[in-house]
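Accompanying notes for the structure given below.
The values are calculated or read from the model by the stated rules, or taken from the named source; none is laboratory data. Everything quoted here is computed from the prediction, not taken from an experiment. Glycine also receives a Cβ, built like all others from the backbone with ideal geometry; neighbour counts cover every protein chain displayed.
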Amino acid sequence: MSEPVVYTRETAVGLRNAIKQIVERTPVTDIHTHLYAPVFGPLLLRGIDEMLTYHYLVAEYFRYADTSYETFWAWPKTQQADAIWKTLFLDNSPISEACRGVLTALNLLGFDLASPDLAQIRREFARLDVEEHVKLVFDAANIKSAVMTNDPFDDVECPVWKAGYTPDSRFHAVLRIDPLLNDWEGNCHRLQDAGYNVYQRLTSRCIVEVRRFLDDWVKRMNALYMAVSLPPDFVMDDGSARACLIEEAVLPVAQANNIPFAMMIGVTRNVNPALKLAGDSLGTASLAPLEYLCATYPKNKFMVTYLARENQHAAAVTARKFRNLLLFGCWWFLNNPSLIEEMTRMRIELLGTSIIPQHSDARVLDQAVYKWAHSREIISRVLRHKYADLLETGWTITEDAIRRDVEKLLGGNFWSFLQREL
């Protein structure tokens with residue numbers, strides 16, 4: 001049996017490479033994505049045209065192009081992708097994170113970028129069947145499993161579940177309930193159509209039926225948690241249907257099933273409606289609703305990520321106060337290297353390794369490759385500096401300790417919080 005590798009202040013040479021290798025080689029549980037198991041068919045977006053027409057790049061394209069919104073949206077997807085490729089990658093250097101991400105993904109998936117040919121890239125993606133494509137991406141990103149975002153109101157997705165979904169060990173389910181919480185009045189008819197005796201007025205009998213709906217879907221999906229995206233003005237003391245449903249339906253069902261309620265807070269929808277999905281923005285939120293929920297419902301488990309940079313320090317401080325709260329990821333507009341590094345450093349300084357530093361939020365399969373490649377590099381760099389700080393105190397670090405810490409950060413904390421084993 002070999003002796004454990006130990007690093008001290010005097011023998012720190014090699015620590016950098018050890019950390020990098022451990023972070024790269026440790027498989028990740030990607031705890032929040034918009035990916036789907038192959039059985040969900042067209043919901044699993046993949047390939048170069050999906051990457052190029054993703055809303056990150058669409059919004060950036062309109063920073064340069066004088067094309068009208070109406071003209072762009074009338075084009076077929078391949079023509080949109082051609083225009084974005086020419087404008088963002090050929091006419092301008094692709095140095096934004098969204099553009100660099102496409103190139104990182106292509107590079108790690110084996111494409112030659114010395115003289116890139118978009119038509120050839122399309123042909124090579126077209127040769128991949130869905131199973132080959134999933135394996136290629138999961139291997140390149142070193143993903144052990146991905147957590148989906150599952151909408152029981154989606155007309156394409158719902159029939160797959162009702163037909164008797166056969167679990168795929170690579171993909172775990174999450175019950176996403178945005179329509180229920182953010183527009184009860186506009187969506188309660190969907191529960192009625194599904195056979196639940198509900199009405200716009202949230203009576204006690206109606207609440208019982210909403211609980212039954214949630215419990216049915218949690219069990220049908222074997223959902224790891226329930227999740228919702230919330231606006232920056234989200235509060236719990238406004239007498240709204242949303243606040244009532246959270247307290248009277250969501251939290252009781254979550255507790256009964258021993259699953260967390262995950263909140264992604266800070267989205268401002270349709271700032272520019274002409275951009276469609278690319279037209280959403282953000283706002284700074286109050287921490288008061290989160291503090292109220294964690295304090296009032298200590299037997300419930302909560303997960304949270306905020307969209308505004310201005311919320312990150314307060315969120316980390318709040319996580320120090322409540323052990324039933326798991327802070328996760330650098331979401332959407334925060335998924336930029338400078339901000340990921342700032343947030344990861346600050347969170348580790350306040351919370352040690354008791355966080356989930358990142359999730360991919362990938363909506364296109366291939367995006368997971370670049371998001372994890374870029375994030376692993378940042379996580380390695382932050383850990384290198386933090387371990388170096390420890391060595392300066394005279395403390396010693398073993399490679400086993402580094403592996404333990406990295407395994408927690410890349411998924412172990414999530415499974416422990418859920419009290420489940422992968």
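Let me confirm something: among Asp238, Asp215, Asp193, Asp233, which residue is of a type in the set (Asp, Glu) and either over 26 Å from Leu326 (Cα atoms) or touching a Phe, Trp or Tyr at 6+ places or on another chain (Cβ under 9 Å) (or both)?
Working: Asp238 fails: either over 26 Å from Leu326 (Cα atoms) or touching a Phe, Trp or Tyr at 6+ places or on another chain (Cβ under 9 Å) (or both); Asp215 fails: either over 26 Å from Leu326 (Cα atoms) or touching a Phe, Trp or Tyr at 6+ places or on another chain (Cβ under 9 Å) (or both); Asp233 fails: either over 26 Å from Leu326 (Cα atoms) or touching a Phe, Trp or Tyr at 6+ places or on another chain (Cβ under 9 Å) (or both).
None of the others qualify; the one that does is Asp193.
Failed condition for Arg242, given (1) touching a strand residue (DSSP E or B) at 6+ places or on another chain (Cβ under 9 Å); (2) within 29 Å of Asn270 (Cβ to Cβ); (3) surrounded by fewer than 16 Cβ atoms within 10 Å (Cβ to Cβ), with all others met?
Exception for Arg242: condition (3).
Could you please let me know if Asp193 is farther than 20 Å from Gly239 by Cβ and surrounded by fewer than 16 Cβ atoms within 10 Å (Cβ to Cβ)? Steps first, answer last, please.
On the way: farther than 20 Å from Gly239 by Cβ: yes; surrounded by fewer than 16 Cβ atoms within 10 Å (Cβ to Cβ): yes.
In short, yes.
Tell me which helices (runs of 4 or more DSSP H) are completely within the stretch 1-113 and hold 1 or more residues being closer than 30 Å to Trp395 by Cα and in contact (Cβ under 8 Å) with a residue 60 or more places away in the chain, or say none if there are none.
Details: elements: 15-25, 48-52, 55-64, 69-74, 77-84, 97-108.
By residue number, 15-25.
For the stretch 339-367, how many residues are within 19 Å of Gly101 (Cα to Cα) and either at pLDDT below 95 or not acidic (Asp, Glu) (or both)? Explain how you work it out, then say what you get.
Narrowing the stretch 339-367 to residues within 19 Å of Gly101 (Cα to Cα): 339-341, 357-367.
Cutting the leftovers down to either at pLDDT below 95 or not acidic (Asp, Glu) (or both) gives us 339-340, 357-360, 362-365, 367.
Of the residues in the stretch 339-367, 11 are within 19 Å of Gly101 (Cα to Cα) and either at pLDDT below 95 or not acidic (Asp, Glu) (or both).
Kindly indicate whether any position in the stretch 149-166 is buried (at least 16 other Cβ atoms within 10 Å of the Cβ), modelled with pLDDT of 95 or more and more than 24 Å from Leu251 (Cα to Cα).
yes
How many residues does the stretch 330-374 hold that are farther than 18 Å from Glu60 by Cβ, crowded, with 18+ Cβ neighbours inside 10 Å and either among the polar types (S, T, N, Q) or in contact with a Cys (Cβ under 9 Å, 6 or more places away or on another chain) (or both)?
The number of residues fulfilling the criteria is 8.
Identify all residues within the stretch 196-207 that are surrounded by fewer than 17 Cβ atoms within 10 Å (Cβ to Cβ) and either in a helix (DSSP H, G or I) or touching a Cys at 6+ places or on another chain (Cβ under 6 Å) (or both); write none if there are none.
If the condition is that a residue be surrounded by fewer than 17 Cβ atoms within 10 Å (Cβ to Cβ) and either in a helix (DSSP H, G or I) or touching a Cys at 6+ places or on another chain (Cβ under 6 Å) (or both), then Tyr199, Gln200, Ser204, Arg205 are the ones that fit.
Collect the residues in the stretch 354-409 that are under 23 Å from the mean Cα position of the chain (by Cα) and of a type in the set (S, T, N, Q), keeping them in residue-number order.
Result: Ser354, Gln358, Ser360, Gln367, Ser375, Ser380.
I want to confirm something. Restricting to the stretch 117-172 and keeping residues that are assigned to a loop (DSSP other than H, G, I, E, B) and in contact with a Phe, Trp or Tyr (Cβ under 8 Å, 6 or more places away or on another chain), which single residue is nearest to Gly195 (Cα to Cα)? First the steps, then the outcome.
Kept after step one, since they are assigned to a loop (DSSP other than H, G, I, E, B), are these residues of the stretch 117-172: 117, 127-129, 142, 148-149, 151-156, 163-170.
From what's left, in contact with a Phe, Trp or Tyr (Cβ under 8 Å, 6 or more places away or on another chain): 142, 148, 152, 156, 170.
Working: Asn142: 42, Met148: 26, Pro152: 14, Val156: 19, Arg170: 32 Å.
Once the filter is applied, the top-ranked residue is Pro152.
If you take just the helices (runs of 4 or more DSSP H) that sit entirely in the stretch 208-311, which of them hold at least 1 residues that are touching a residue at least 60 places away in the same chain (Cβ under 8 Å)?
Values: elements: 241-245, 251-257, 288-296.
Where helices (runs of 4 or more DSSP H) fall fully within the stretch 208-311 and carry at least 1 residues being touching a residue at least 60 places away in the same chain (Cβ under 8 Å), they are 241-245.
Of the conditions (1) modelled with pLDDT of 95 or more; (2) at negative phi, Gly110 clears all except one; give me its number.
All conditions pass for Gly110, except number (2).
A quick yes/no check of all residues on (1) in contact with a helix residue (DSSP H, G or I) (Cβ under 8 Å, 6 or more places away or on another chain); (2) farther than 16 Å from Trp184 by Cβ; (3) among the small types (Gly, Ala, Ser):
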{"residue": "Tyr199", "(1), (2), (3)": "yes, no, no"}
{"residue": "Ser204", "(1), (2), (3)": "no, no, yes"}
{"residue": "Ile207", "(1), (2), (3)": "yes, no, no"}
{"residue": "Asp215", "(1), (2), (3)": "yes, yes, no"}
{"residue": "Leu230", "(1), (2), (3)": "yes, no, no"}
{"residue": "Arg242", "(1), (2), (3)": "yes, no, no"}
{"residue": "Asn270", "(1), (2), (3)": "yes, yes, no"}
{"residue": "Ala274", "(1), (2), (3)": "yes, yes, yes"}
{"residue": "Leu293", "(1), (2), (3)": "yes, yes, no"}
